[in-house]
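The values are calculated or read from the model by the stated rules, or taken from the named source; none is laboratory data. Here the structure is a predicted model, which is why all the values come from computation and not from measurement. Here Cβ is always computed from backbone atoms with ideal geometry, including for glycine, and neighbour counts include all displayed protein chains.
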Amino acid sequence: MIYFDHVSKVYSPTSAALEDVSFAVEPQEFVSIVGQSGAGKSTLLKLLLAEEKPSSGKVFFESLDVHKISNGELPRVRRRMGVVFQDYKLLPTKTAYENIAFAMEAAGKTEEEIQQDVPQVLELVGLMDKAWHFPSELSGGELQRVAIARAIVNRPDVVIADEPTGNLDPINTWEIINLLEKINELGTTVILATHDKEVINSLKRRVVTLEKGRVVRDEKRGRYVL
Amino acid sequence: MEIIQLKRTVRQGFVNFWRNGWVSLATVLVMVLTLFVFGGLFFSNVLLTSALEQLEEKVDISVYFKTSAIEDEILALKSSVEKLAEVREAEYISREQALLEFEERHRENSLITQSLEELGENPLGASLNIRAQNPNQYEAISRFLESASFENIIDKINYRQNQLVIERLSQILNSSRAMLSTPSASPSTPRGTKFQSCASWARPIPISADPF
(Lines give C-alpha, C1' and ligand atoms only; values in the text may rest on other atoms or scores of the structure.)
Protein backbone atom coordinates (compact mmCIF):
# COMPACT_ATOMS: atom_id res chain seq x y z
CA MET A 1 0.00 0.00 0.00
CA ILE A 2 2.81 2.40 0.94
CA TYR A 3 6.34 1.88 -0.27
CA PHE A 4 9.46 3.88 0.48
CA ASP A 5 11.95 3.07 -2.24
CA HIS A 6 15.57 4.00 -1.37
CA VAL A 7 14.49 7.36 -0.07
CA SER A 8 17.07 9.93 1.05
CA LYS A 9 16.48 13.45 2.27
CA VAL A 10 19.32 15.89 2.70
CA TYR A 11 18.61 19.30 4.22
CA SER A 12 22.26 20.37 4.39
CA PRO A 13 25.32 18.69 2.85
CA THR A 14 26.76 17.88 6.27
CA SER A 15 23.72 16.02 7.62
CA ALA A 16 21.16 13.71 6.02
CA ALA A 17 17.73 13.49 7.61
CA LEU A 18 17.07 10.20 5.83
CA GLU A 19 19.47 7.90 4.04
CA ASP A 20 18.47 5.11 1.70
CA VAL A 21 15.27 4.21 3.53
CA SER A 22 13.26 1.36 2.04
CA PHE A 23 10.28 -0.43 3.50
CA ALA A 24 6.67 -1.18 2.67
CA VAL A 25 3.46 -0.90 4.64
CA GLU A 26 0.68 -3.36 3.93
CA PRO A 27 -3.04 -2.50 3.99
CA GLN A 28 -4.62 -2.62 7.47
CA GLU A 29 -1.20 -2.87 9.07
CA PHE A 30 -0.26 -1.08 12.31
CA VAL A 31 3.31 0.15 11.96
CA SER A 32 5.22 2.03 14.61
CA ILE A 33 8.18 4.11 13.55
CA VAL A 34 10.50 4.68 16.45
CA GLY A 35 13.71 6.53 16.96
CA GLN A 36 15.27 9.28 18.97
CA SER A 37 14.50 12.91 18.27
CA GLY A 38 16.17 13.84 14.98
CA ALA A 39 16.21 10.25 13.75
CA GLY A 40 14.03 11.20 10.79
CA LYS A 41 10.56 10.00 11.85
CA SER A 42 8.75 13.25 11.08
CA THR A 43 10.69 13.71 7.84
CA LEU A 44 9.56 10.26 6.74
CA LEU A 45 5.92 11.13 7.37
CA LYS A 46 6.28 14.51 5.62
CA LEU A 47 7.66 12.71 2.56
CA LEU A 48 4.63 10.41 2.56
CA LEU A 49 2.31 13.44 2.77
CA ALA A 50 4.30 15.13 -0.02
CA GLU A 51 5.00 18.07 2.24
CA GLU A 52 8.68 17.52 1.45
CA LYS A 53 10.38 16.18 -1.66
CA PRO A 54 12.99 13.46 -1.30
CA SER A 55 16.57 14.22 -2.38
CA SER A 56 16.56 10.80 -4.01
CA GLY A 57 14.28 7.76 -4.13
CA LYS A 58 10.54 7.48 -4.45
CA VAL A 59 7.53 7.24 -2.18
CA PHE A 60 4.54 5.30 -3.45
CA PHE A 61 0.99 5.44 -2.16
CA GLU A 62 -0.59 2.43 -3.81
CA SER A 63 0.65 2.76 -7.38
CA LEU A 64 1.11 6.54 -7.23
CA ASP A 65 4.48 8.20 -6.79
CA VAL A 66 3.29 10.95 -4.42
CA HIS A 67 5.96 13.35 -5.62
CA LYS A 68 4.92 13.07 -9.23
CA ILE A 69 1.28 13.87 -8.57
CA SER A 70 0.15 17.23 -9.90
CA ASN A 71 -0.75 19.99 -7.42
CA GLY A 72 -4.37 19.73 -8.51
CA GLU A 73 -4.48 16.00 -7.80
CA LEU A 74 -2.50 16.07 -4.54
CA PRO A 75 -5.40 17.11 -2.25
CA ARG A 76 -7.41 14.11 -3.42
CA VAL A 77 -4.58 11.75 -2.46
CA ARG A 78 -4.07 13.55 0.86
CA ARG A 79 -7.76 13.13 1.67
CA ARG A 80 -7.05 9.39 1.74
CA MET A 81 -4.62 9.98 4.60
CA GLY A 82 -5.73 11.20 8.02
CA VAL A 83 -3.06 12.97 10.04
CA VAL A 84 -2.79 13.35 13.81
CA PHE A 85 -0.20 15.78 15.20
CA GLN A 86 1.44 16.05 18.58
CA ASP A 87 0.11 19.60 19.05
CA TYR A 88 -3.42 18.69 17.79
CA LYS A 89 -3.68 21.64 15.35
CA LEU A 90 -7.35 22.22 16.10
CA LEU A 91 -9.03 25.50 15.19
CA PRO A 92 -9.43 27.39 18.48
CA THR A 93 -12.51 29.33 17.38
CA LYS A 94 -14.48 26.22 16.46
CA THR A 95 -16.04 23.66 18.76
CA ALA A 96 -15.07 19.98 18.70
CA TYR A 97 -18.04 19.27 16.43
CA GLU A 98 -17.19 22.16 14.12
CA ASN A 99 -13.52 21.16 13.90
CA ILE A 100 -14.54 17.71 12.69
CA ALA A 101 -17.29 19.05 10.45
CA PHE A 102 -14.84 21.50 8.91
CA ALA A 103 -12.65 18.61 7.67
CA MET A 104 -15.73 17.16 5.97
CA GLU A 105 -16.72 20.53 4.52
CA ALA A 106 -13.22 20.91 3.07
CA ALA A 107 -13.56 17.44 1.53
CA GLY A 108 -16.78 18.56 -0.17
CA LYS A 109 -19.23 16.50 1.87
CA THR A 110 -22.87 17.47 2.03
CA GLU A 111 -24.69 18.78 5.13
CA GLU A 112 -26.56 15.48 5.46
CA GLU A 113 -23.32 13.48 5.46
CA ILE A 114 -21.80 15.84 8.02
CA GLN A 115 -24.83 15.61 10.32
CA GLN A 116 -24.75 11.84 10.07
CA ASP A 117 -21.00 11.16 10.37
CA VAL A 118 -19.75 13.70 12.92
CA PRO A 119 -21.88 12.37 15.82
CA GLN A 120 -20.83 8.82 14.92
CA VAL A 121 -17.15 9.64 15.01
CA LEU A 122 -17.57 11.66 18.21
CA GLU A 123 -19.26 8.60 19.71
CA LEU A 124 -16.33 6.46 18.57
CA VAL A 125 -13.78 8.68 20.36
CA GLY A 126 -16.07 9.05 23.39
CA LEU A 127 -16.62 12.76 23.17
CA MET A 128 -20.30 13.01 22.36
CA ASP A 129 -20.95 14.93 25.57
CA LYS A 130 -18.28 17.50 24.73
CA ALA A 131 -19.21 18.04 21.09
CA TRP A 132 -19.93 21.73 21.63
CA HIS A 133 -16.88 22.49 23.74
CA PHE A 134 -14.15 24.72 22.39
CA PRO A 135 -10.55 23.43 22.36
CA SER A 136 -9.73 25.73 25.28
CA GLU A 137 -12.34 23.87 27.32
CA LEU A 138 -10.91 20.40 26.67
CA SER A 139 -8.04 18.46 28.26
CA GLY A 140 -4.98 17.28 26.31
CA GLY A 141 -6.36 13.78 25.91
CA GLU A 142 -9.72 15.09 24.76
CA LEU A 143 -8.05 17.44 22.29
CA GLN A 144 -6.11 14.55 20.81
CA ARG A 145 -9.29 12.49 20.56
CA VAL A 146 -10.95 15.33 18.66
CA ALA A 147 -7.88 15.45 16.38
CA ILE A 148 -8.17 11.68 15.78
CA ALA A 149 -11.90 12.04 15.10
CA ARG A 150 -11.09 14.77 12.57
CA ALA A 151 -8.45 12.52 10.97
CA ILE A 152 -10.77 9.54 10.53
CA VAL A 153 -14.05 11.26 9.73
CA ASN A 154 -13.42 11.21 5.99
CA ARG A 155 -12.72 7.45 6.22
CA PRO A 156 -9.08 7.58 5.09
CA ASP A 157 -7.13 4.52 3.97
CA VAL A 158 -4.31 5.35 6.33
CA VAL A 159 -3.99 7.31 9.57
CA ILE A 160 -0.61 8.91 10.15
CA ALA A 161 0.02 9.82 13.78
CA ASP A 162 3.13 11.87 14.43
CA GLU A 163 3.93 11.59 18.16
CA PRO A 164 0.26 11.79 19.15
CA THR A 165 0.99 11.03 22.79
CA GLY A 166 3.95 13.37 23.18
CA ASN A 167 2.01 15.88 25.27
CA LEU A 168 -0.15 13.44 27.22
CA ASP A 169 -0.02 11.75 30.61
CA PRO A 170 0.11 7.90 30.76
CA ILE A 171 -3.65 7.40 31.14
CA ASN A 172 -4.49 9.63 28.20
CA THR A 173 -1.63 8.06 26.24
CA TRP A 174 -3.23 4.64 26.61
CA GLU A 175 -6.62 5.96 25.67
CA ILE A 176 -5.17 7.37 22.45
CA ILE A 177 -3.22 4.21 21.65
CA ASN A 178 -6.31 2.07 22.29
CA LEU A 179 -8.26 4.33 20.02
CA LEU A 180 -5.66 3.97 17.26
CA GLU A 181 -5.77 0.18 17.70
CA LYS A 182 -9.55 0.28 17.45
CA ILE A 183 -9.32 2.32 14.26
CA ASN A 184 -6.83 -0.21 12.91
CA GLU A 185 -9.16 -3.08 13.79
CA LEU A 186 -11.90 -1.35 11.86
CA GLY A 187 -9.69 -1.70 8.75
CA THR A 188 -7.60 1.46 8.56
CA THR A 189 -3.83 1.33 8.19
CA VAL A 190 -2.08 3.16 11.02
CA ILE A 191 1.42 4.58 10.95
CA LEU A 192 2.48 5.72 14.39
CA ALA A 193 5.65 7.71 14.93
CA THR A 194 6.66 7.74 18.59
CA HIS A 195 9.54 7.44 21.00
CA ASP A 196 7.41 6.11 23.85
CA LYS A 197 9.09 2.85 24.90
CA GLU A 198 6.18 1.49 26.96
CA VAL A 199 3.69 2.04 24.18
CA ILE A 200 5.83 0.24 21.64
CA ASN A 201 6.62 -2.68 23.92
CA SER A 202 3.01 -3.27 24.86
CA LEU A 203 1.61 -2.89 21.34
CA LYS A 204 3.44 -5.95 20.03
CA ARG A 205 3.02 -4.78 16.46
CA ARG A 206 5.47 -4.11 13.68
CA VAL A 207 8.22 -1.67 14.62
CA VAL A 208 10.52 0.16 12.17
CA THR A 209 13.46 1.64 14.04
CA LEU A 210 15.26 4.67 12.62
CA GLU A 211 18.69 5.79 13.71
CA LYS A 212 20.43 8.80 12.21
CA GLY A 213 18.18 8.63 9.17
CA ARG A 214 18.66 4.94 8.48
CA VAL A 215 16.37 1.96 9.09
CA VAL A 216 18.34 -0.17 11.55
CA ARG A 217 15.58 -2.59 12.50
CA ASP A 218 12.23 -3.73 11.06
CA GLU A 219 10.49 -6.37 13.16
CA LYS A 220 7.01 -7.85 12.83
CA ARG A 221 6.39 -7.92 16.59
CA GLY A 222 9.03 -5.51 17.63
CA ARG A 223 10.19 -3.90 20.82
CA TYR A 224 11.70 -0.57 21.52
CA VAL A 225 15.44 -1.12 21.24
CA LEU A 226 17.88 1.71 20.68
CA MET B 1 -21.08 23.53 -4.63
CA GLU B 2 -20.65 27.33 -4.66
CA ILE B 3 -24.10 27.73 -3.07
CA ILE B 4 -23.16 25.34 -0.25
CA GLN B 5 -19.90 27.24 0.31
CA LEU B 6 -21.74 30.56 0.33
CA LYS B 7 -24.30 29.17 2.75
CA ARG B 8 -21.58 27.85 5.07
CA THR B 9 -19.63 31.12 4.89
CA VAL B 10 -22.71 33.17 5.75
CA ARG B 11 -23.70 30.80 8.55
CA GLN B 12 -20.18 30.84 9.98
CA GLY B 13 -20.16 34.62 9.72
CA PHE B 14 -23.31 34.87 11.82
CA VAL B 15 -22.01 32.30 14.31
CA ASN B 16 -18.73 34.20 14.77
CA PHE B 17 -20.60 37.50 14.96
CA TRP B 18 -22.71 36.10 17.79
CA ARG B 19 -19.82 34.39 19.60
CA ASN B 20 -17.73 37.56 19.65
CA GLY B 21 -20.68 39.68 20.74
CA TRP B 22 -18.81 42.54 22.37
CA VAL B 23 -16.24 42.85 19.61
CA SER B 24 -19.01 42.72 17.00
CA LEU B 25 -20.99 45.34 18.88
CA ALA B 26 -17.97 47.63 19.20
CA THR B 27 -17.15 47.18 15.51
CA VAL B 28 -20.70 47.96 14.43
CA LEU B 29 -20.75 50.97 16.74
CA VAL B 30 -17.49 52.32 15.31
CA MET B 31 -18.76 51.77 11.77
CA VAL B 32 -22.07 53.47 12.54
CA LEU B 33 -20.28 56.42 14.13
CA THR B 34 -17.88 56.68 11.22
CA LEU B 35 -20.66 56.57 8.66
CA PHE B 36 -22.67 59.05 10.71
CA VAL B 37 -19.73 61.47 10.89
CA PHE B 38 -18.98 61.15 7.18
CA GLY B 39 -22.66 61.38 6.30
CA GLY B 40 -23.05 64.41 8.55
CA LEU B 41 -20.02 66.10 7.00
CA PHE B 42 -21.27 65.38 3.52
CA PHE B 43 -24.77 66.60 4.36
CA SER B 44 -23.41 69.77 5.99
CA ASN B 45 -21.22 70.33 2.97
CA VAL B 46 -24.19 70.07 0.63
CA LEU B 47 -26.30 72.34 2.84
CA LEU B 48 -23.60 74.95 3.24
CA THR B 49 -22.73 74.90 -0.45
CA SER B 50 -26.37 75.31 -1.33
CA ALA B 51 -26.71 78.19 1.15
CA LEU B 52 -23.60 79.86 -0.27
CA GLU B 53 -24.91 79.52 -3.80
CA GLN B 54 -28.23 81.07 -2.79
CA LEU B 55 -26.42 83.86 -1.03
CA GLU B 56 -24.28 84.50 -4.08
CA GLU B 57 -27.36 84.79 -6.25
CA LYS B 58 -28.52 87.71 -4.10
CA VAL B 59 -25.27 89.62 -4.42
CA ASP B 60 -25.14 92.44 -6.94
CA ILE B 61 -24.79 96.18 -7.11
CA SER B 62 -27.49 98.58 -8.18
CA VAL B 63 -27.11 101.76 -10.09
CA TYR B 64 -29.95 104.28 -9.60
CA PHE B 65 -30.47 106.82 -12.31
CA LYS B 66 -31.79 110.36 -12.04
CA THR B 67 -35.42 110.75 -13.00
CA SER B 68 -34.26 113.15 -15.66
CA ALA B 69 -32.01 110.56 -17.26
CA ILE B 70 -33.03 109.64 -20.80
CA GLU B 71 -33.69 105.96 -21.37
CA ASP B 72 -31.44 105.83 -24.47
CA GLU B 73 -28.52 107.09 -22.41
CA ILE B 74 -29.23 104.49 -19.73
CA LEU B 75 -29.42 101.71 -22.34
CA ALA B 76 -26.15 102.95 -23.87
CA LEU B 77 -24.59 102.76 -20.43
CA LYS B 78 -26.06 99.27 -20.00
CA SER B 79 -24.52 98.05 -23.22
CA SER B 80 -21.17 99.61 -22.22
CA VAL B 81 -21.34 97.86 -18.88
CA GLU B 82 -22.26 94.54 -20.49
CA LYS B 83 -19.18 94.76 -22.68
CA LEU B 84 -16.98 94.77 -19.60
CA ALA B 85 -15.28 91.43 -19.06
CA GLU B 86 -15.96 91.63 -15.36
CA VAL B 87 -19.76 91.82 -15.80
CA ARG B 88 -21.76 88.64 -15.87
CA GLU B 89 -25.20 90.17 -16.17
CA ALA B 90 -26.85 93.58 -16.18
CA GLU B 91 -30.60 93.93 -15.73
CA TYR B 92 -32.38 97.17 -16.61
CA ILE B 93 -35.47 98.22 -14.65
CA SER B 94 -37.32 101.12 -16.24
CA ARG B 95 -39.05 103.89 -14.29
CA GLU B 96 -42.46 102.46 -15.17
CA GLN B 97 -41.54 98.98 -14.03
CA ALA B 98 -40.07 100.40 -10.83
CA LEU B 99 -43.31 102.28 -10.16
CA LEU B 100 -45.42 99.20 -10.81
CA GLU B 101 -43.33 97.13 -8.44
CA PHE B 102 -43.44 99.90 -5.84
CA GLU B 103 -47.22 100.16 -6.06
CA GLU B 104 -47.58 96.43 -5.85
CA ARG B 105 -45.38 96.33 -2.78
CA HIS B 106 -47.26 99.13 -0.99
CA ARG B 107 -50.77 98.26 -2.14
CA GLU B 108 -51.96 97.84 1.44
CA ASN B 109 -50.54 101.19 2.51
CA SER B 110 -53.20 103.74 1.67
CA LEU B 111 -51.02 106.68 2.72
CA ILE B 112 -48.37 105.87 0.15
CA THR B 113 -50.99 105.15 -2.50
CA GLN B 114 -52.69 108.50 -1.88
CA SER B 115 -49.38 110.33 -1.83
CA LEU B 116 -48.45 108.85 -5.20
CA GLU B 117 -51.81 109.88 -6.62
CA GLU B 118 -51.40 113.42 -5.30
CA LEU B 119 -47.90 113.61 -6.71
CA GLY B 120 -49.30 112.94 -10.14
CA GLU B 121 -46.04 111.82 -11.72
CA ASN B 122 -43.58 108.93 -11.35
CA PRO B 123 -41.04 109.93 -8.71
CA LEU B 124 -38.88 106.83 -9.22
CA GLY B 125 -35.81 106.62 -11.37
CA ALA B 126 -34.70 103.71 -13.51
CA SER B 127 -32.07 101.33 -12.19
CA LEU B 128 -29.55 98.79 -13.35
CA ASN B 129 -28.71 95.64 -11.37
CA ILE B 130 -25.23 94.40 -12.16
CA ARG B 131 -23.71 91.05 -11.28
CA ALA B 132 -19.97 90.59 -11.62
CA GLN B 133 -18.07 87.47 -12.57
CA ASN B 134 -16.05 87.82 -9.40
CA PRO B 135 -16.74 89.73 -6.17
CA ASN B 136 -13.37 91.42 -6.33
CA GLN B 137 -14.45 93.05 -9.58
CA TYR B 138 -17.29 95.09 -8.04
CA GLU B 139 -14.77 97.74 -7.02
CA ALA B 140 -13.58 98.08 -10.63
CA ILE B 141 -17.15 98.14 -11.99
CA SER B 142 -18.07 100.75 -9.43
CA ARG B 143 -15.10 102.93 -10.42
CA PHE B 144 -16.07 102.60 -14.08
CA LEU B 145 -19.59 103.78 -13.28
CA GLU B 146 -18.33 106.64 -11.13
CA SER B 147 -16.30 108.03 -14.00
CA ALA B 148 -17.21 111.52 -15.11
CA SER B 149 -18.91 110.45 -18.35
CA PHE B 150 -21.93 109.01 -16.47
CA GLU B 151 -22.08 111.61 -13.72
CA ASN B 152 -24.96 113.47 -15.27
CA ILE B 153 -27.36 110.50 -15.37
CA ILE B 154 -26.38 108.43 -12.30
CA ASP B 155 -28.01 109.37 -9.05
CA LYS B 156 -26.47 106.75 -6.78
CA ILE B 157 -24.46 103.52 -6.82
CA ASN B 158 -25.10 101.42 -3.73
CA TYR B 159 -21.71 99.74 -3.76
CA ARG B 160 -19.99 102.33 -1.52
CA GLN B 161 -22.64 102.30 1.19
CA ASN B 162 -22.57 98.45 1.29
CA GLN B 163 -18.85 98.09 0.69
CA LEU B 164 -17.99 97.07 4.26
CA VAL B 165 -20.78 94.51 4.41
CA ILE B 166 -19.81 93.12 1.01
CA GLU B 167 -16.19 92.75 1.96
CA ARG B 168 -16.98 91.06 5.24
CA LEU B 169 -19.41 88.71 3.56
CA SER B 170 -16.81 87.97 0.91
CA GLN B 171 -14.32 87.03 3.58
CA ILE B 172 -16.81 84.72 5.29
CA LEU B 173 -17.75 83.06 2.00
CA ASN B 174 -14.11 82.72 0.99
CA SER B 175 -13.25 81.12 4.31
CA SER B 176 -16.22 78.78 4.09
CA ARG B 177 -15.29 77.73 0.61
CA ALA B 178 -11.67 77.14 1.54
CA MET B 179 -12.79 75.04 4.48
CA LEU B 180 -15.25 73.02 2.46
CA SER B 181 -13.24 72.59 -0.72
CA THR B 182 -16.67 71.92 -2.16
CA PRO B 183 -17.01 68.71 -4.12
CA SER B 184 -20.57 69.64 -5.01
CA ALA B 185 -19.58 72.92 -6.61
CA SER B 186 -19.79 72.85 -10.35
CA PRO B 187 -16.42 71.71 -11.68
CA SER B 188 -16.87 73.76 -14.83
CA THR B 189 -17.04 76.93 -12.82
CA PRO B 190 -13.69 78.33 -11.77
CA ARG B 191 -13.35 78.85 -8.07
CA GLY B 192 -14.67 82.23 -7.09
CA THR B 193 -16.21 83.20 -10.39
CA LYS B 194 -19.70 82.58 -9.07
CA PHE B 195 -18.90 84.59 -6.03
CA GLN B 196 -20.60 87.92 -6.01
CA SER B 197 -20.01 91.01 -4.03
CA CYS B 198 -23.04 91.94 -2.05
CA ALA B 199 -24.74 95.14 -2.93
CA SER B 200 -27.88 94.22 -1.15
CA TRP B 201 -29.12 91.22 0.75
CA ALA B 202 -32.31 91.06 -1.22
CA ARG B 203 -32.78 91.90 -4.81
CA PRO B 204 -32.70 95.67 -4.88
CA ILE B 205 -35.71 97.55 -6.04
CA PRO B 206 -34.81 100.95 -7.42
CA ILE B 207 -36.45 103.22 -4.90
CA SER B 208 -33.51 105.49 -4.28
CA ALA B 209 -35.70 108.36 -5.35
CA ASP B 210 -38.51 107.10 -3.22
CA PRO B 211 -39.85 110.26 -1.63
CA PHE B 212 -41.42 108.27 1.17
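Quick look at the numbers
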item	result
Matching residues in the stretch B:81-132 - criterion: being surrounded by 12 or more Cβ atoms within 10 Å (Cβ to Cβ), among the small types (G, A, S) and over 24 Å from the mean Cα position of the chain (by Cα)	B:S115, B:G125
Complete set of residues in the stretch A:18-34 that are crowded, with 22+ Cβ neighbours inside 10 Å and either more than 20 Å from A:R223 (Cβ to Cβ) or over 16 Å from the mean Cα position of the chain (by Cα) (or both)	A:L18, A:V21
Among residues of the stretch B:51-70, those that are in contact (Cβ under 8 Å) with a residue 12 or more places away in the chain, not aliphatic (A, V, I, L, M) and not in a loop (DSSP other than H, G, I, E, B), counted	6
Single match in B:E103, B:E96, B:E73, B:E108 (criterion: out of contact with any Asp or Glu (no Cβ under 7 Å at 6 or more places or on another chain), in a loop (DSSP other than H, G, I, E, B) and farther than 18 Å from B:A132 by Cβ)	B:E108
Flag if B:E104 is among the charged types (D, E, K, R) and either within 14 Å of another protein chain (Cβ to nearest Cβ) or under 25 Å from B:I153 (Cβ atoms) (or both)	no
Helices (runs of 4 or more DSSP H) fully within the stretch A:43-162 counting 2 or more residues that are at negative phi and either small (G, A, S) or in contact with a Lys or Arg (Cβ under 9 Å, 6 or more places away or on another chain) (or both)	A:96-106, A:111-124, A:140-152
Matching option when the condition is in contact with a helix residue (DSSP H, G or I) (Cβ under 9 Å, 6 or more places away or on another chain) and not polar (S, T, N, Q), among A:P27, A:P54	A:P54
Residue check for B:N16: within 14 Å of another protein chain (Cβ to nearest Cβ) and farther than 30 Å from B:I130 by Cβ	yes
Meets criteria (touching a residue at least 12 places away in the same chain (Cβ under 8 Å) and over 19 Å from A:I183 (Cβ atoms)) for A:K94	yes
Residue among B:T34, B:T67 that alone is loosely packed, with under 13 Cβ neighbours inside 10 Å and more than 14 Å from every other protein chain (Cβ to nearest Cβ)	B:T34
Of all residues making up the stretch B:126-180, the number that are within 24 Å of B:E101 (Cα to Cα) and not basic (K, R)	13
Residue ID - modelled with the highest pLDDT, chosen from residues in the stretch B:145-163 that are assigned to a helix (DSSP H, G or I) and crowded, with 16+ Cβ neighbours inside 10 Å	B:L145
Qualifying residues in the stretch A:182-197 (those that are among the charged types (D, E, K, R) and under 14 Å from A:L226 (Cβ atoms)) - the one surrounded by the most Cβ atoms within 10 Å (Cβ to Cβ)	A:D196
Check on A:A39, hydrophobic (A, V, I, L, M, F, W, C), over 19 Å from A:P156 (Cβ atoms) and at pLDDT below 95	yes
Search result, residues across the stretch A:77-95 that are within 19 Å of the chain's Cα centre (by Cα), of a type outside the set (V, I, T) and crowded, with 16+ Cβ neighbours inside 10 Å	A:R78, A:R79, A:M81, A:G82, A:F85, A:Q86, A:Y88, A:L90
Meets criteria (surrounded by 19 or more Cβ atoms within 10 Å (Cβ to Cβ) and either of a type outside the set (D, E) or away from chain B (no Cβ under 14 Å) (or both)) for A:I152	yes
Residues located in the stretch A:67-102, provided they are farther than 21 Å from A:T188 by Cβ and within 14 Å of chain B (Cβ to nearest Cβ)	A:L91, A:P92, A:T93, A:K94, A:T95, A:Y97, A:E98
Odd one out for A:I177, checked against (1) over 17 Å from A:G35 (Cα atoms); (2) part of a loop (DSSP other than H, G, I, E, B); (3) free of Cβ contacts under 8 Å to residues at least 60 places away in the same chain	(2)
Filtered residues of the stretch B:34-74 (kept if more than 25 Å from the chain's Cα centre (by Cα) and not polar (S, T, N, Q))	B:L35, B:F36, B:V37, B:F38, B:G39, B:K66, B:A69, B:I70, B:E71, B:D72, B:E73, B:I74
Filter pass, A:G57 being under 22 Å from A:E185 (Cβ atoms), touching an Asp or Glu at 6+ places or on another chain (Cβ under 8 Å) and either at pLDDT 95 or above or away from every other protein chain (no Cβ under 14 Å) (or both)	no
Where A:T188 falls short, out of the listed (1) away from chain B (no Cβ under 14 Å); (2) among the polar types (S, T, N, Q); (3) more than 18 Å from the chain's Cα centre (by Cα)	(3)
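One line per residue, one yes/no per condition, for (1) buried (at least 19 other Cβ atoms within 10 Å of the Cβ); (2) more than 13 Å from chain B (Cβ to nearest Cβ); (3) aromatic (F, W, Y):
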| site | (1), (2), (3) |
| --- | --- |
| A:M104 | yes, no, no |
| A:A107 | no, no, no |
| A:E112 | no, no, no |
| A:V121 | yes, yes, no |
| A:G126 | no, yes, no |
| A:F134 | no, no, yes |
| A:E142 | yes, yes, no |
| A:V146 | yes, yes, no |
